[in-house]
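The values are calculated or read from the model by the stated rules, or taken from the named source; none is laboratory data. Worth saying up front: this structure is predicted, and the values here are computed from it rather than measured. Positions of Cβ are backbone-derived with ideal geometry, glycine not excepted, and every protein chain shown enters the neighbour counts. These area figures cover heavy atoms from the full protein model, side chains too; ligands, DNA and RNA do not enter into them. Shrake-Rupley method; radii C 1.70, N 1.55, O 1.52, S 1.80 Å.
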Amino acid sequence: MVGEAIWRISRQDLDELMTTLDVTSVRLSECALAADAHLAVGRTGTPTIHYCFRGTGFILLDDDAPIRLAPHTLVIIPPGRVMTIAATPHLATLRSVDKHNHYDFTLGSLQRHTVGHGAPSLVLACGPFQANYGPALDLFASLATPVVEKFDVHDQLDQVMTYAMAELTAQNVGEGAMSAALLKLVLLALLRRCLVSTNRWVERFSILSDPPIARAFAAMTSRPATPHTVHSLAHAVGLSRSAFMARFSAAFGESPMSLLRCVRMRHAADLLAANALSIDQVALNAGYQSRSSFTRTFRRYYDSDPSEYRAKAQRASSDRATPTEDAIEESDAA
């Protein structure tokens, strides 16, 4: 409805939720398209991010309206969507696609992908990513429609995206962590727009569009050891038990206690991998007074005892830190 107020999350709740945001994976490609070139992008199982550095064009998605690209436009496409990126300033030219200037591409498979002949008229950073709220909820995986937001040069997102791509290209130690941290800055800038944007995407995140439920989830992720119950969570956010259960299930697709167990187990897995606490201490930090109860629950989630999981995590960490014999020989030869 025209003029209808947008339902926004409060500043306090958004701030608390933003502290739990974690980018767990990202792969970026620079896509440079010559004038009138078209890039068919393969379907991915995760959401994809697209940031326009320069030029104009469109992203075409199935039966959706074309998404106009201009410098500093940020687009997040839901997972599982087939799309075409077109380097053209006018929609009318899309009707006559030059099949000889049409290319297929899997995002993130190459660091740079050049399409067409001549100087690029559209340059984007594109790639799949995964971002979680706390350790439990994949924030963008449940998107039904794209997120489109226009930034400007003062936001400096072009610099951040450039740095993230440079990290992935350099393949230095920690490049994955660095690029993920840089992409997190971009997503945090996007989430800030929840307070001011007039675009309806700000209401598309169930976790953000229902402040009491967002507050309850923030309490779970920031304090997993607290003995939360449906009653205590409902009381804390000012809802009746039945209303809380219905709204929570609508937002997350599962019950509060089911999601709380998932939050606690992923928190425990992180603590075990860090190898700084005993298993009893990990259990307490995950909200379990009984080690045996904790072990049974952890085994259901990870098909492994906590001690076995820790040992595997330590071996994997050691393997990543120790160069292979081939790598050592190549280094000596250099």
- Message: Checking the structure you have, find out if any residue of segment 138-145 is farther than 30 Å from Arg112 by Cβ, of a type in the set (A, V, I, L, M) and either touching an Asp or Glu at 6+ places or on another chain (Cβ under 6 Å) or open to solvent by 30 Å² or more (accessible area, probe 1.4 Å) (or both).
- Response: yes
- Give the number of residues within segment 267-294 that are polar (S, T, N, Q), without any contact (Cβ under 8 Å) to a residue 60 or more places away in the chain and under 27 Å from Leu21 (Cα atoms). 3
- Is there any pair linking a residue in segment 136-161 that is more than 22 Å from Gly45 (Cβ to Cβ) to one that is among the basic types (Lys, Arg), with Cβ under 6 Å and at least six apart or on different chains, and which? Glu149/Arg193
- Is there a residue in segment 23-41 that is open to solvent by 30 Å² or more (accessible area, probe 1.4 Å), under 27 Å from Tyr133 (Cβ atoms) and of a type in the set (Ser, Thr, Tyr)? yes
- Note on the structure: Scanning segment 36-82 residue by residue, those over 14 Å from Leu122 (Cβ atoms), in a strand (DSSP E or B) and over 19 Å from the mean Cα position of the chain (by Cα) turn out to be Ala40, Leu61
- Given the conditions (1) β-branched (Val, Ile, Thr); (2) over 15 Å from the mean Cα position of the chain (by Cα); (3) open to solvent by less than 40 Å² (accessible area, probe 1.4 Å), which single one is not true for Val186? (2)
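Let's see how each residue does on (1) among the charged types (D, E, K, R); (2) in contact with a helix residue (DSSP H, G or I) (Cβ under 7 Å, 6 or more places away or on another chain):
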position: Arg8; (1), (2): yes, yes
position: Gln12; (1), (2): no, no
position: Ala40; (1), (2): no, no
position: Arg43; (1), (2): yes, no
position: Thr48; (1), (2): no, no
position: Gly55; (1), (2): no, no
position: Ile59; (1), (2): no, no
position: Ile76; (1), (2): no, no
position: Gly80; (1), (2): no, no
- Note on the structure: Of (1) among the β-branched types (Val, Ile, Thr); (2) surrounded by 20 or more Cβ atoms within 10 Å (Cβ to Cβ); (3) over 30 Å from Arg112 (Cβ atoms), Thr226 satisfies every one except (2)
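Suppose we keep only residues that are under 13 Å from Ala34 (Cα atoms) and at pLDDT below 80 within segment 67-122. Which one would you say is most open to solvent (accessible area, probe 1.4 Å)?
First, the residues of segment 67-122 that are under 13 Å from Ala34 (Cα atoms): 85-89, 98, 100-103, 113-122.
When the remaining residues are screened for being at pLDDT below 80, the result is 98, 100-103.
On the way: Asp98: 73, His100: 163, Asn101: 20, His102: 73, Tyr103: 67 Å².
In this case the residue turns out to be His100.
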- Note on the structure: Pairs returned, first residue in segment 5-18 that is part of a helix (DSSP H, G or I) and crowded, with 17+ Cβ neighbours inside 10 Å, second residue that is modelled with pLDDT of 80 or more and among the hydroxyl-bearing types (Ser, Thr, Tyr), beta-carbon separation under 8 angstrom, 6 or more apart or interchain, are Glu16/Ser222
- Message: From the list Val282, Val263, exactly one residue is in a helix (DSSP H, G or I), hydrophobic (A, V, I, L, M, F, W, C), surrounded by 20 or more Cβ atoms within 10 Å (Cβ to Cβ) and under 23 Å from the mean Cα position of the chain (by Cα). Which is it?
- Response: Val263
- Only one of (1) at pLDDT 95 or above; (2) part of a helix (DSSP H, G or I); (3) surrounded by 15 or more Cβ atoms within 10 Å (Cβ to Cβ) is not met by Leu271, so which one is it? (1)
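Go through Ser292, Ser240, Ser255 for me and flag whichever is under 27 Å from the mean Cα position of the chain (by Cα), within 21 Å of Pro227 (Cα to Cα) and surrounded by fewer than 15 Cβ atoms within 10 Å (Cβ to Cβ). Steps first, please.
Values: Ser292 fails: under 27 Å from the mean Cα position of the chain (by Cα); Ser240 fails: under 27 Å from the mean Cα position of the chain (by Cα).
Only one candidate qualifies: Ser255.
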